[in-house]
Amino acid sequence: MKTKPWSLIILALLHILAPVGNLFLNAARSGRTLSQQWTYWFEVLPKPLVALYVLVPVLAGIFIFICRRWSYWAYLGCLLVILLSNIYSYWTNMNMSTLVLLLVVVLIDVLVVAYFVVPSVQKVYFDPRMRWWEAAPRYHFNHMGSANGQKAFIKSISQGGLFLSSAPALNENDTVEMDWTYQSQHIKVNGIVVYKNTRTDIPGYGVKFTHSDESEKQMKMLVSKLRGEGLIIAERLPGPEDSFGVWLKKLFTKGEGLFPKART
């Protein structure tokens, strides 16, 4: 997964465009034209109700798109507000039309909540390692350095971190002091182990830098050199296989893509 999951992008867009659907639906139910319905919303309805029709769905879509722990809960809060408003609408105007609308809203809420509690979807919001699209470009490095004063081999590097293919024994959340020299440039930067690869006999470690002003300046200079040397890891960048068309084809032909997967 080199880009933000298309399933989440589409869900976000559907929520953001929901006010347009609300406009058409309410116009059809009331027998008004679209312009009349628009005028009715903004000149007759109470402002909180207008916000419910227009603002809350847009906020919900934005929260989906942000992909953060707090936005996950904020999105579910928006769903709750929409559900409670529809319950209130039915309670104050009990008829078949409002009952059908309430049942539709409840069904959609149940399906959406079921989707967002799937572990692979939750991880996008709760685990920064699943948000690969946010990672800075990574470069081949293949350079010997030291980690906490012991020899370590740096396989790849970016502005924000590096991957050690060999190093002294480390565990996730350990702090580590990295030190190396490249083309007469000596770099010293602190970091924290955010990932430990145990799929091979020799574990590798993903380190996220905790920059000082000086180390950040040094890394910018190093990354600029590596970019100029053409050492960017191209296979980690979005390509044609990450396009919407390819995603849609896989969804309908293989049933893949509905739930996010970590990039390999």
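Structure values in brief
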quantity: Rounded to the nearest 20 debye, dipole of the chain from Cβ charges on Lys, Arg, Asp, Glu; calculated: 380
quantity: The chain: calculated mean residue ellipticity at 222 nm from DSSP helix runs of at least 4, using -39500 (n - 2.57); calculated: -16500 deg cm²/dmol
quantity: With all protein chains modelled, accessible area of Leu76 [1.4 Å, Å²]; calculated: 40
quantity: Kirkwood Rh and Cα Rg combined as Rg over Rh, evaluated for the stretch 42-172; calculated: 1.26
quantity: Accessible surface, per residue, of the stretch 51-93 when the full set of protein chains is kept, probe 1.4 Å, Å²; calculated: 55
quantity: Gain upon complete extension [Arg29, Phe244; 0.36 nm per residue less C-alpha separation]; calculated: 73.9 nm
quantity: Folded to 0 to 90 degrees: helix 96-116 orientation relative to the chain principal axis, Cα; calculated: 10
quantity: Under 5 Å, built H, 5+ apart or other chain: amide partners of Thr3; calculated: none
quantity: Dipole axis of the chain (+1 Lys, Arg; -1 Asp, Glu on Cβ), positive-most option in Phe42, Trp73, Trp133; calculated: Trp133
quantity: Between 0 and 90°, nearest 10: helix 6-16 axis offset from the chain longest Cα axis; calculated: 40
quantity: Average accessible area per residue (Å²) across the stretch 94-165 - probe 1.4 Å, nucleic acids and ligands excluded; calculated: 51
quantity: Cα→Cβ-extended label distance, 7 Å offset, between Asp179 and Tyr195, nm; calculated: 2.7
quantity: C-alpha long axis of helix 18-30 to longest principal axis of the chain, angle in °; calculated: 10
quantity: Coil-residue chymotrypsin sites (Phe, Trp or Tyr not before Pro) of the stretch 98-201, DSSP, other Cβ within 10 Å capped at 13; calculated: none
quantity: Protein accessible area in the stretch 24-167, 1.4 Å probe - carbon and sulfur %; calculated: 71
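The values are calculated or read from the model by the stated rules, or taken from the named source; none is laboratory data. Bear in mind that the values here come from a model prediction, so they are computed numbers and not experimental data. For neighbour counting, all protein chains shown are included, and Cβ atoms are generated from backbone atoms with ideal geometry for every residue, glycine included. Only protein heavy atoms, including side chains, enter the accessible area calculation; ligands, DNA and RNA are left aside. Shrake-Rupley method; radii C 1.70, N 1.55, O 1.52, S 1.80 Å.
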